[in-house]
Amino acid sequence: MQRPQTGTFNPSMWSRVCEWLAIAFVAGCFLSCGGGSGGSSGTGSAAGSGTTGGGSTTGSGGTGSTSSGGTSMGTATFATDVLMHHNDLARTGQMLAETTLTLANVNSASFGKVAFLAADGKVDAQPLFVTSLSIVGTAHDVVYVATEHDSVYAYDATTFAQLWKVSLVGSGETSSDDRGCQDITPEIGITSTPVIDRNRGANGVLYAVAMTKDGSGAYHHRLHALDLTTGAEVLGGPTEIAASFPGSGAGSVNGTITFNPSLHAVRAALTLVGGNVYMGWTAHCMSGAYTGWLMAYSADTLQRTSVFDVAPNGSQGSIWMAGSGMASDGTSIYVVDGNGTFGTTLNAQGFPVDGDFGNSLMKLSLGNLQVTDYFAMDNVVAEANADNDFGSGGVMLLPDQTTAGGVVKHLAVAAGKDNLIYVVDRDSMGKFSPTANNNWQVLTGTLAGGIWGSPAYYNGVVYYGGWNDNLKALPISGAFLATTASSKSPTTFAYPGATPAVSANGSSNGIVWVAENGTTGALHAYDAGNLAHELYNSNQAGARDQWGAGNKFITPMIARGKVFVGATNGVAVFGLL
């Protein structure tokens, strides 16, 4: 990458330089550290501060504050930051810089609920965390909370004081109604986990997509960019989401499909890589003439840069992955979509001639979204027709694995409703055959139930929690996952199962955390080396550590000695008592 000429500062070019350096750093850490740490965002670009304005700001601390960083390069990124869903672009769920919580002190005698961060709606998005952010000259560890009421909160993670709150509802609008569906209810606002870039704008930027309904009954989706210190809109936002794509599929008119905001919602966590914010679209309640959409918007201008329709000549193909984020290795993006049309007639290169990729795991180019490789199981059409979709779970990239013969493999793992775990070689994913699955590995009988979430990775082990199943540890050896769990939790998790997250201090004090859904939600902590050893759960101390009902697809977030769990009216915070 060419450097800016001496004596000339080009913010756009320098932004790209910094961003790709950050991606390279993430990739290096991911390979050497066994999966990457929560401190690597892969999005460390610099940019101008843009314009401010937009939604109202309330609360204390950050209101109306000015830039504290002072330079367009922004602030540093810390190993204890959690800037995206499941910690890193590989979506491993690892926080490898946790020095406070240990196997010895995470127990009901010394660990429990220490606070509850109140919010005005359900928290379906994973909370995010920024370390040592300067607000009006004072450093704060900040936890960011987004709600289905279309609000974003910034809380001090130490004192639990509210620093600011903003509403992303436009004038004369409300959060969206649930349209008579119990999937996301009673309202739809910010469903997908936002993403943060600490080094964009004057003080760092949080990107979020909010759904609203106006007075005439029309629905809107907008991409917002919020200053981390104040919550003010920056970079010229918000931007109304709109797109069209050539095709004769569901909802098309004269060979064009136009994105219908009333039918779609963004559930998958936002992904920021290569200068773009990526979002995947599903259909609320899976009804109507919808298709699955992938869109990319510039992180600098908030303008759309690319669009891709999963089934342009068919229907459905939702991208939701139970809220998990699309994964990236810095050169491609990986996404699993759900039920939808898959074109079984292939061209000479093995791709569907009609461009329909329903119910498949796709690898797409960054920037200009095009499928460069994919995997679809041999019974893909039958599974889609039976609502047994692949895309109920998310995809995770594994660190480099070496076969017994010394061959290095770049692998990804995903699972859906069919109780099978699919491992693909990212360099040759397997495409489609009606007679065989040509991917790297299929694990049969390992899971007792389907997956509505995503796995985690730590220290050579993949962790999966299925529906009506135990949390299971699957070690990797010779580039293959063990088909029988080396350990499993004593707890069996009802629908939707469990999406694990891991805290550790490098290779020591590994703890696997999961949130249990139900009338009374529960946080569980297990020894990463032996899941049969439950360290703690939030029901052990009676009502002391309980917070009410669980949320369906919540992933615990761990940072600086605390664990944050999204709830129906805020975020429960756990730490040492």
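Readers should treat all values here as calculations from the given coordinates under stated rules, not as data from a laboratory. Note that the structure is a prediction, hence the values are computed from the model and not measured. Ideal geometry is used to build each Cβ from the backbone, glycine not excepted, and the neighbour counts take in all protein chains shown.
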Quiz prompt | Neighbourhood charge, 14 Å Cβ-Cβ cut-off, centred on residue 452 and excluding it, Lys, Arg +1 and Asp, Glu -1 | solution = -4
Self-check item: Estimated FRET transfer efficiency when R0 is 30 angstrom, pair residue 540-residue 139 (beta carbons, to 0.05)
Solution: 0.30
Quiz item: Can you give the Kirkwood hydrodynamic radius of the chain from its Cα pairs, in Å with one decimal?
Solution: 23.4
Self-check item: Rough spin-label spacing in nm, given labels placed 7 Å along Cα→Cβ, for residue 258 and residue 289
Solution: 1.1
Quiz prompt | Pairwise FRET efficiency - residue 468 versus residue 402, Cβ, R0 = 30 Å, nearest 0.05 | solution = 0.30
Quiz item: In nm, what is the difference between 0.36 nm times the number of residues separating residue 428 and residue 577 and their Cα-Cα distance?
Solution: 48.7 nm
Quiz item: Can you list the aspartates and glutamates whose alpha carbon sits under 12 Å from that of residue 113, skipping same-chain ones fewer than 8 residues off?
Solution: 545
Quiz prompt | Within-13-Å neighbourhood charge of residue 490 [Cβ basis; K, R +1; D, E -1] | solution = -2
Quiz item: Under a point spin-label approximation (7 Å from Cα along Cα-to-Cβ), what is the residue 216-residue 174 distance to one decimal in nm?
Solution: 1.9
Exercise. Among 573, 136, rank each residue by its count of other Cβ atoms within 10 Å, from fewest to most, as a rough exposure measure.
Key: 136, 573
Quiz item: Among the lysines, which fall within straight-line cross-link reach of residue 488, defined as a Cα-Cα distance under 22 Å, with same-chain neighbours fewer than 8 residues apart omitted?
Solution: 417, 472, 552
Quiz prompt | Summed side-chain charge close to residue 573 - residues other than residue 573 whose Cβ falls under 10 Å, Lys, Arg +1, Asp, Glu -1 | solution = +2
Exercise. State the extension gain, in nm to one decimal, for the chain segment bounded by residue 110 and residue 507, taking 0.36 nm per residue of separation less the distance between their alpha-carbons.
Key: 140.6 nm
Quiz item: residue 533 to residue 370: extension gain in nm, 0.36 nm per residue of separation minus the Cα-Cα distance?
Solution: 54.2 nm
Quiz item: Order of 410, 85, 264 from fewest to most other C-beta atoms within 10 Å?
Solution: 410, 264, 85
Quiz item: Do the sum for the chain: with -39,500 (n - 2.57) for every DSSP H run of n ≥ 4, divided by all residues, what is the mean residue ellipticity at 222 nm, to the nearest 500 deg cm²/dmol?
Solution: -1500 deg cm²/dmol
